[in-house]
Amino acid sequence: MFICGACGHTEPKWLGRCPACGEWNTFAAGPSPVKKKSETGAAPATIPLTRVEDREDVRFDSGLPEVNRVLGGGIVRGSTVLLGGEPGIGKSTLMLQVAAGVQSPGRVLLVSGEESPEQIKLRAGRIRALSERIEICTETDLDSLRRVLEAVKPVLVVIDSIQTLKSTDLGPVPGTVNQMKYAVQELSDWAKLHRTTLFLVGHVTKEGAIAGPKVVEHLVDTVLQFEASDQDLRFLRAVKNRFGSVDEIGIFRMNEDGLEQIKNANELFLQKRSGALPPGIVVAPLIEGSRALLVELQSLAAPAKGGLPRVFSDRIDPRLVWKAVGVIEKYCGISFANHDSYVNVAGGLQIREVGIELPLCLSLYSARLGVPFPVRTAVCGEVSLAGEIRMIRQAEKRLKTAQELGFERIIGPVTDTPGWLGAAVLQDAVRLAFKPE
């Protein structure tokens, strides 16, 4: 059979152009399809869901509480985790620290197709991750790697990276669509059968998405994204997690000894100032998973060049900024028609929570008029297109975190929570913030 290297379509003879995806010169000889078992053979056994055996040792500790938080409480045995991130962000360092600190008896196998054992040992010594239980393998042939797995039977396997593996049946070039799908499927099946946890490190495209076919993300149990801020901070997020929430975030700081976990991140994204705040600065208590973080939102309204207003924002979705601008223009009577809007989050944290909408509106309002926001005041809430301020989750937790850090007032939706300044519409929030009398 001839297999298209772009989409996986098969044909009994070579073709110049793939009829499925339209790409040219992508067909290469591949293995013949596996023959189906006889229809008259015995049917596979089934088992009622209620009779599935419960196991007490489903999870084990990774040795890093921030990783446990993102994974939903620890590493699940037999699961497959795909980790993606920019080059040089620290993916290999993170995996080496997990391999050295994992709290489960058994051998740990680190498969590297990009670094030599000497390079790995040099990094392990620098970050104090040298361990007798970590075994190194630089094999990239999938068939040979399966034999290594059968011989070692590790409790944890790290593949760095999945794009370096290849099967001779699918051609000599690694990283193709078919090579990646086949490798992930084969390794995931082996891991589930032997209750071995599998970590796959993946490359990313220039857009930030994990390189390779999207089906790879469907095959694995968990997809993690490792992101960097403008500083030395690193953020670990779960994009997909079959065994936990995708709302948690792990925070690390990269230093000479590797990745340092940030245990108390409440004040991490705040700038200490004396006196009045500059216009456009607003502090917002946000919920990231199970913890509340106070972040500093920064806005700037500057005269537009060329007559067309634009939005510059990479930490908050620009569409959310356009929505905030439209609501302010409609219900506060302030025009942004001749102004560009610049929005930033101090510390480089990517904000995806709806509670940022009211702080964003008040920040843009403050920047546009040049009026400073009152000190020791925090804001959070969702804003509808009708200018109404909607309720948000865990209001008491946000209030408690803000008060612990010295904030005397918190403006948000109308609620029964004591100490909360409620506003029904955006105009009320503006009055509470800028015209308290």
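The values are calculated or read from the model by the stated rules, or taken from the named source; none is laboratory data. Nothing here was measured: the structure is a model prediction, and the numbers come from that model. Because the Cβ atoms are built from the backbone with ideal geometry, glycine has one as well, and the counts that use them run over all protein chains shown.
Listed values, structure above:
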item: Those residues of the range 178-222 which are in contact with a helix residue (DSSP H, G or I) (Cβ under 7 Å, 6 or more places away or on another chain), among the β-branched types (Val, Ile, Thr), buried (at least 17 other Cβ atoms within 10 Å of the Cβ) and farther than 24 Å from ASP57 by Cα, in sequence order; result: VAL184, VAL201, ILE210, VAL216
item: Single condition PHE226 does not satisfy, out of (1) closer than 30 Å to THR401 by Cβ; (2) surrounded by fewer than 18 Cβ atoms within 10 Å (Cβ to Cβ); result: (2)
item: Candidate set from the range 327-360 (those that are in contact (Cβ under 8 Å) with a residue 40 or more places away in the chain and out of contact with any strand residue (DSSP E or B) (no Cβ under 9 Å at 6 or more places or on another chain)); member that is nearest to VAL430 (Cα to Cα); result: CYS332
item: The range 128-147, residues that are crowded, with 18+ Cβ neighbours inside 10 Å and either over 16 Å from ALA183 (Cβ atoms) or among the aliphatic types (A, V, I, L, M) (or both); result: ALA129, ILE134, LEU142, LEU145
item: Scope the range 127-144; condition of a type outside the set (A, V, I, L, M) and either in contact with an Asp or Glu (Cβ under 7 Å, 6 or more places away or on another chain) or part of a loop (DSSP other than H, G, I, E, B) (or both); matching residues; result: ARG128, SER131, GLU132, ARG133, THR138, GLU139, THR140
item: Pick from the range 236-277, criterion over 24 Å from PHE60 (Cβ atoms) and of a type in the set (A, V, I, L, M, F, W, C), ranking: farthest from the chain's Cα centre (by Cα); result: ALA276
item: Verdict on ALA99 being surrounded by 21 or more Cβ atoms within 10 Å (Cβ to Cβ), in the same structural domain as GLY212 (by TED's automatic domain parsing) and not in a loop (DSSP other than H, G, I, E, B); result: yes
item: Residue under evaluation GLY258, criteria (1) at positive phi; (2) modelled with pLDDT under 90, criterion not met; result: (2)
item: Any hit, the range 424-433, residues being assigned to a loop (DSSP other than H, G, I, E, B) and either surrounded by 16 or more Cβ atoms within 10 Å (Cβ to Cβ) or under 26 Å from the mean Cα position of the chain (by Cα) (or both); result: no
item: Count of the range 414-437 residues which are in contact with a Gly (Cβ under 8 Å, 6 or more places away or on another chain), closer than 18 Å to VAL283 by Cα and in contact (Cβ under 8 Å) with a residue 40 or more places away in the chain; result: 3
item: Members of the range 148-175 found to be surrounded by 22 or more Cβ atoms within 10 Å (Cβ to Cβ) and farther than 25 Å from LEU96 by Cβ, listed by number; result: LEU170
item: In the range 250-267, the residues that are surrounded by 15 or more Cβ atoms within 10 Å (Cβ to Cβ), in contact (Cβ under 8 Å) with a residue 60 or more places away in the chain and more than 20 Å from GLY101 (Cβ to Cβ); result: ASN266
item: Residue under evaluation TRP322, criteria (1) over 26 Å from LEU268 (Cβ atoms); (2) at pLDDT below 95, criterion not met; result: (2)
item: GLN271, sole failed condition from (1) outside any loop (DSSP other than H, G, I, E, B); (2) loosely packed, with under 15 Cβ neighbours inside 10 Å; (3) not hydroxyl-bearing (Ser, Thr, Tyr); result: (1)
item: Restricting the range 327-363 to residues that are among the charged types (D, E, K, R) and in a loop (DSSP other than H, G, I, E, B), the residue that is surrounded by the most Cβ atoms within 10 Å (Cβ to Cβ); result: GLU353
item: Filtered residues of the range 49-71 (kept if surrounded by 19 or more Cβ atoms within 10 Å (Cβ to Cβ) and not basic (Lys, Arg)); result: PHE60, SER62, LEU64, GLU66, VAL67, ASN68, VAL70, LEU71
item: Among (1) aliphatic (A, V, I, L, M); (2) assigned to a strand (DSSP E or B); (3) out of contact with any helix residue (DSSP H, G or I) (no Cβ under 9 Å at 6 or more places or on another chain) - the single one ALA301 does not satisfy; result: (3)
item: Tally, over the range 205-250, of residues that are in a strand (DSSP E or B) and in contact with a Leu (Cβ under 9 Å, 6 or more places away or on another chain); result: 18
item: Subset of the range 33-56 (residues that are at pLDDT 75 or above and in a loop (DSSP other than H, G, I, E, B)); result: ALA43, PRO44, ALA45, THR46, ILE47, PRO48, VAL52, GLU53, ASP54, ARG55
item: Unique match (being surrounded by fewer than 14 Cβ atoms within 10 Å (Cβ to Cβ), under 21 Å from GLY289 (Cβ atoms) and either at pLDDT below 90 or charged (D, E, K, R) (or both)) among GLU404, GLU408; result: GLU404
item: Residue list for the range 412-429, restricted to those being among the β-branched types (Val, Ile, Thr) and at pLDDT 95 or above; result: VAL425
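Conditions tested, residue by residue: (1) at pLDDT below 95; (2) of a type outside the set (D, E, K, R); (3) on the phi > 0 side of the Ramachandran plot.
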{"site": "VAL173", "(1), (2), (3)": "yes, yes, no"}
{"site": "THR197", "(1), (2), (3)": "no, yes, no"}
{"site": "LYS206", "(1), (2), (3)": "yes, no, no"}
{"site": "ILE210", "(1), (2), (3)": "yes, yes, no"}
{"site": "LEU233", "(1), (2), (3)": "yes, yes, no"}
{"site": "GLU248", "(1), (2), (3)": "yes, no, no"}
